[in-house]
């Protein structure tokens, strides 16, 4: 590993995984942590428990802001374990000189998103630090959810499952990139930042047999599928042409040399469901705006255990690798 | 171009039926070949296309690819990266470069490492972004670490042009622009009978700027066919078909498949701008290959006031650094080995910790093999 921490180690990909396992897991190691799920299952399986810190530039982006993101992110991690988001904490570190008006807007977005999830902030903390000590504002939220369906785990994906994606992929990552300074794109692109509990609640209510769920945040769809393939010791075979990607995201990817499946999402998740339930699950997802372009994307086999394979429409195949390094635009 | 048009363009050039159609045509034509032919795709973008779209899986066994040296990041020697690192660590400097370059390790580390130690290193999508950085940081010295082949050289020249015309005082240049034909010629001369280069797939975007004319020497002097190809899978399949046909018809011609953007003369305005500001260096070291005469550019002496290599000469290291002992990138680039023949491929040498040139950027042969698996 490098002697100093690099940005590449925060990308949700290979270097990030190495940093976590060699520094944090090494010391904190315990049975619950080692399951590496979106949220820890505690209290004899009754509760799901998770935390996430949010830093995003720009703070306000098309389709959301850091406030909305900070609630969606943590609630979605609970929802991915089949748990209804219930109690939350909110810790804010804000830089001296930050606009009160902007702070109000951020907190109002948080409240709106809490209502969608039916959750409440029940304790919190605020720190103001001198200018330059943080980049504008950092938010941490921790959430506790009540498990509605137990046994959902990314360690149990098998050949009896079919893999589904809940919506178009890569929108959040592409939006943030397009909104960044120096990238002058004009597009109608919006982040997919949204709360997923309503979708999960409906799937559970309809009795869909869900094996695993994970929201495809940093590292995108490729990171989730690779983790599942490794954790469950299976091969996931993705049909490239059925991956739902909007024309705009695709255009940005073409120009910058990115893959939509490496870009972050904030309201799109991957599901492994019993194959017999797959079509029904897609139909249910499609009744939601956030699931309009849900699709079956992959089968589970044992062709290359631990790897994800992309199958092209012309019969060739390749690995869908874990993203490495910082996402950097191509040179020519 | 709107996104819809963009989509139509890409769908057309990635159409499964067209790709399969070329697969059949190539298979039929390849049956007539007397022996295995070695095609070098010079450009890293083409290596990437071949691996990403699994094109080798669609081709008969008697068509072999030699992955060429055409990735500007991969061929950048450690000595030059160390220059960038040292410049970045100087007080009051903002070092700008293009994308991938900040990931590549020199002997002191990567530019990302420099950044994590407090250096102000930024990547820009276009060299013109340097103007904004310079304006926002009037007390800082902005050094543009310019890299790339003929494709990106005119952008650097255009930036120099503006800096001079607007009399901007805080933008400087460290020039590492390299040129393609000299490397191609060296690789032909260095190849032996078993690993000869039988044909070239000419780079796409280099040729948009320089024109197809820069490859005329290969059919004329060496009787090696060249087909300038686009980057999409349909482009490459058509180009491969054109090459196999040339063989079977006993021809060695310079042909352009990428007609929608490339002509014989190229962008003469860009060429003139490059010619005005730059001149050839006598010798430039290519990582993995070695020194190639007249294969890179430097600022002309009259623009020395902008040349970071001149201004900061006393801070820059000049000792020669050898490539890693176990690395066989030189053999891979000459067609004598494939990435998986290397003893450290995928073990000690990975995209996150590259030892050799072909692993450092996604357009390098080893990185593409590692990433996409070269599955059969």
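The values are calculated or read from the model by the stated rules, or taken from the named source; none is laboratory data. What you are looking at is a predicted structure, and each value in this text was computed from that prediction instead of being measured. Positions of Cβ are generated from backbone atoms using ideal geometry, with glycine treated the same way; all protein chains shown enter the neighbour counts.
Restricting to region B:109-161, and then to whatever is within 13 Å of chain A (Cβ to nearest Cβ), more than 22 Å from the chain's Cα centre (by Cα) and in a loop (DSSP other than H, G, I, E, B), can you tell me which residue is surrounded by the most Cβ atoms within 10 Å (Cβ to Cβ)?
B:119
Residues of region B:329-376 being at pLDDT 85 or above and assigned to a strand (DSSP E or B), which ones?
Passing the criteria: B:345, B:349, B:350.
With the condition kept exactly as written, say whether any residue in region B:210-219 is at pLDDT 95 or above and over 20 Å from residue B:251 (Cα atoms).
yes
Please find, among A:101, A:84, A:68, the residue that is modelled with pLDDT of 95 or more, surrounded by fewer than 16 Cβ atoms within 10 Å (Cβ to Cβ) and not in a loop (DSSP other than H, G, I, E, B).
It is A:101.
Somewhere in region B:269-289, is a residue within 14 Å of chain A (Cβ to nearest Cβ) and at pLDDT 90 or above?
yes
Tally time: how many residues in region B:87-108 are facing chain A (nearest Cβ under 8 Å) and under 15 Å from residue A:2 (Cβ atoms)?
The total comes to 2.
So residue B:305 fits all but one of (1) assigned to a helix (DSSP H, G or I); (2) closer than 28 Å to residue B:355 by Cα; what number is the exception?
(2)
Can you name the helices (runs of 4 or more DSSP H) wholly within region B:203-294 that have at least 2 residues being under 22 Å from residue B:158 (Cβ atoms), within 20 Å of the chain's Cα centre (by Cα) and touching a residue at least 40 places away in the same chain (Cβ under 8 Å)?
In region B:203-294, the matching helices (runs of 4 or more DSSP H) lie at B:205-210, B:268-277.
Does region A:125-145 contain at least one residue that is over 20 Å from the mean Cα position of the chain (by Cα), free of Cβ contacts under 8 Å to residues at least 24 places away in the same chain and surrounded by fewer than 18 Cβ atoms within 10 Å (Cβ to Cβ)?
no
Given the options A:217, A:301, name the one that is buried (at least 20 other Cβ atoms within 10 Å of the Cβ) and in contact (Cβ under 8 Å) with a residue 40 or more places away in the chain.
When all the criteria are applied, what remains is A:217.
Go through (1) touching a residue at least 40 places away in the same chain (Cβ under 8 Å); (2) more than 14 Å from chain A (Cβ to nearest Cβ) for residue B:362 and report which single condition fails.
Single failed check for residue B:362: (2).
Evaluate the following for residue A:10: is it under 16 Å from the mean Cα position of the chain (by Cα) and surrounded by fewer than 21 Cβ atoms within 10 Å (Cβ to Cβ)?
Yes; evaluated as a whole, the condition is true for this residue.
Buried (at least 24 other Cβ atoms within 10 Å of the Cβ) and either within 14 Å of chain B (Cβ to nearest Cβ) or in contact with a strand residue (DSSP E or B) (Cβ under 9 Å, 6 or more places away or on another chain) (or both): which single residue out of A:243, A:256, A:196 fits that description?
So the residue among A:243, A:256, A:196 that is buried (at least 24 other Cβ atoms within 10 Å of the Cβ) and either within 14 Å of chain B (Cβ to nearest Cβ) or in contact with a strand residue (DSSP E or B) (Cβ under 9 Å, 6 or more places away or on another chain) (or both) is A:196.
Which residues, taken from region B:317-333, are in contact with a strand residue (DSSP E or B) (Cβ under 9 Å, 6 or more places away or on another chain), farther than 23 Å from residue B:102 by Cβ and either surrounded by fewer than 22 Cβ atoms within 10 Å (Cβ to Cβ) or within 14 Å of chain A (Cβ to nearest Cβ) (or both)?
Result: B:320, B:326, B:330.
Run residue B:326 past the list (1) in a strand (DSSP E or B); (2) more than 20 Å from the chain's Cα centre (by Cα) and report the number of the one that doesn't hold.
All conditions are met except number (1).
Quick grid of which residues meet (1) outside any helix (DSSP H, G or I); (2) more than 9 Å from every other protein chain (Cβ to nearest Cβ); (3) closer than 19 Å to residue A:224 by Cβ; (4) in contact with a strand residue (DSSP E or B) (Cβ under 8 Å, 6 or more places away or on another chain):
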residue: A:5; (1), (2), (3), (4): yes, no, no, no
residue: A:15; (1), (2), (3), (4): no, no, yes, no
residue: A:19; (1), (2), (3), (4): no, yes, yes, no
residue: A:23; (1), (2), (3), (4): no, yes, no, no
residue: A:30; (1), (2), (3), (4): yes, yes, no, no
residue: A:37; (1), (2), (3), (4): yes, yes, yes, no
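Starting from residues that are out of contact with any strand residue (DSSP E or B) (no Cβ under 9 Å at 6 or more places or on another chain) and buried (at least 24 other Cβ atoms within 10 Å of the Cβ), keep the ones in region A:261-298 and report whichever is modelled with the highest pLDDT.
Filtering region A:261-298 for residues that are out of contact with any strand residue (DSSP E or B) (no Cβ under 9 Å at 6 or more places or on another chain) and buried (at least 24 other Cβ atoms within 10 Å of the Cβ), the one modelled with the highest pLDDT comes out as A:291.
Could you tell me how many of the residues in region A:55-65 are part of a strand (DSSP E or B) and buried (at least 19 other Cβ atoms within 10 Å of the Cβ)?
Residues that pass the stated criteria total 3.
I'm told residue A:298 meets every condition in (1) away from chain B (no Cβ under 14 Å); (2) assigned to a strand (DSSP E or B); (3) over 14 Å from residue A:169 (Cβ atoms) except one. Can you identify the failing condition by its number?
(3)
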